[in-house]
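See structure below.
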Amino acid sequence: MISPLAYIHPEAKIGENVEIAPFVFIDKNVVIGDNNKIMANANILYGSRIGNGNTIFPGAVIGAIPQDLKFRGEESTAEIGDNNLIRENVTINRGTAAKGRTIVGNNNLLMEGVHVAHDALVGNGCIIGNSTKMAGEIVIDDNAIVSANVLMHQFCHVGSHVMIQGGCRFSKDIPPYIIAGREPIAFSGINIIGLRRRGFSNEVIESIHNAYRIIYQSGLNTTEALKKIEDEFEKSPEIDYIVNFIRNSERGIIK
């Protein structure tokens, strides 16, 4: 059902079984897939690409130009996958020349007032709390939980299965499988409950825990800690992910 009180540009492409409420604005150069629900006063702007089965709540703005003074009107996109909940007043800006697109994957919940800046990449299955703000070119890997009122510096990388305490701010990377909290933000242990809920075995959780004991509690520097893990631990996808994440971190990891 498409309300006659909605504005849809004639060049916009709308899929099947899409519900569009009154006072929705859909710009040109927009593609919207099937089975989406777009509530009143949402704005889907130039360059937006929306998959299937999403629900977009009142006041959300998708595809606005970046809040980046280097932006010169270049062609770029804001891309949203499938089965996302985009709550009230969420803003997702489109990309710049840096990467060309901002991406939100599948099965995410972005709560009220979340901001996703230009060229950001949010993976799948993430929960982002109310009023959390993500600066440009951040990356959040799958199944991360970021609580409310978190401030993320540009270029930061958040690993999978992380839990970040509400009200934190950070300018370094947060490696996978951990809880990060306090002020200033710091490693606060392994996200044991989250990992168990996701089906990780006790053996894998213990291996992850032992790896982080070396990284954070052994007194070794990062290079030495990673080498010790590689030399002494049985190879596994989880350990490889931890080592590669930290080794490839450009901003360094939280303490």
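The values are calculated or read from the model by the stated rules, or taken from the named source; none is laboratory data. All of these numbers come straight from a predicted model, not from anything done at the bench. Here the Cβ is made from the backbone with ideal geometry for all residues, glycine too, and neighbour counts use every protein chain on show. We work out accessible area using only protein heavy atoms, side chains counted, and drop any ligands, DNA or RNA first. Shrake-Rupley method; radii C 1.70, N 1.55, O 1.52, S 1.80 Å.
Being in a loop (DSSP other than H, G, I, E, B) and either touching a residue at least 40 places away in the same chain (Cβ under 8 Å) or touching a Ser or Thr at 6+ places or on another chain (Cβ under 7 Å) (or both) is the filter here; which residues of region 210-238 pass it? F233, S236 - these are the residues of region 210-238 that are in a loop (DSSP other than H, G, I, E, B) and either touching a residue at least 40 places away in the same chain (Cβ under 8 Å) or touching a Ser or Thr at 6+ places or on another chain (Cβ under 7 Å) (or both).
Residue pairs whose Cβ atoms lie under 7 Å apart, separated by 6 or more positions or on different chains, with the first residue in region 242-253 and open to solvent by 30 Å² or more (accessible area, probe 1.4 Å) and the second in a helix (DSSP H, G or I), are R247/L226.
Yes/no per residue for (1) within 17 Å of the chain's Cα centre (by Cα); (2) at pLDDT 95 or above; (3) of a type in the set (V, I, T):
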{"site": "I32", "(1), (2), (3)": "no, yes, yes"}
{"site": "N52", "(1), (2), (3)": "no, yes, no"}
{"site": "I62", "(1), (2), (3)": "yes, yes, yes"}
{"site": "D68", "(1), (2), (3)": "no, yes, no"}
{"site": "F71", "(1), (2), (3)": "no, yes, no"}
{"site": "E74", "(1), (2), (3)": "no, yes, no"}
{"site": "A78", "(1), (2), (3)": "yes, yes, no"}
{"site": "L85", "(1), (2), (3)": "yes, yes, no"}
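Taking every residue in region 107-133 that is in the same structural domain as I62 (by the TED database) and of a type in the set (S, T, N, Q) and pairing it with any residue that is buried (at least 20 other Cβ atoms within 10 Å of the Cβ) and not in a loop (DSSP other than H, G, I, E, B), at least 6 positions away or on another chain, the pairs with Cβ-Cβ distances below 8 Å are N108/V122; N108/I128; T132/H115; T132/V146; T132/M152. If you go through region 88-110 one residue at a time, how many are crowded, with 21+ Cβ neighbours inside 10 Å and of a type outside the set (G, A, S)? Residues in region 88-110 being crowded, with 21+ Cβ neighbours inside 10 Å and of a type outside the set (G, A, S): 10 in total. Look at K133 and say whether it is in contact with a strand residue (DSSP E or B) (Cβ under 7 Å, 6 or more places away or on another chain) and within 22 Å of R94 (Cβ to Cβ). Here the answer is yes, as K133 does meet what is asked. One residue stands out in region 1-29 among those that are among the aliphatic types (A, V, I, L, M) and touching an Asp or Glu at 6+ places or on another chain (Cβ under 8 Å): the one that is surrounded by the fewest Cβ atoms within 10 Å (Cβ to Cβ), namely M1. Here are the criteria: (1) under 26 Å from G166 (Cβ atoms); (2) without any contact (Cβ under 8 Å) to a residue 60 or more places away in the chain; (3) surrounded by 18 or more Cβ atoms within 10 Å (Cβ to Cβ). Tell me which single one I193 does not satisfy. Here I193 meets the rest and fails (3).
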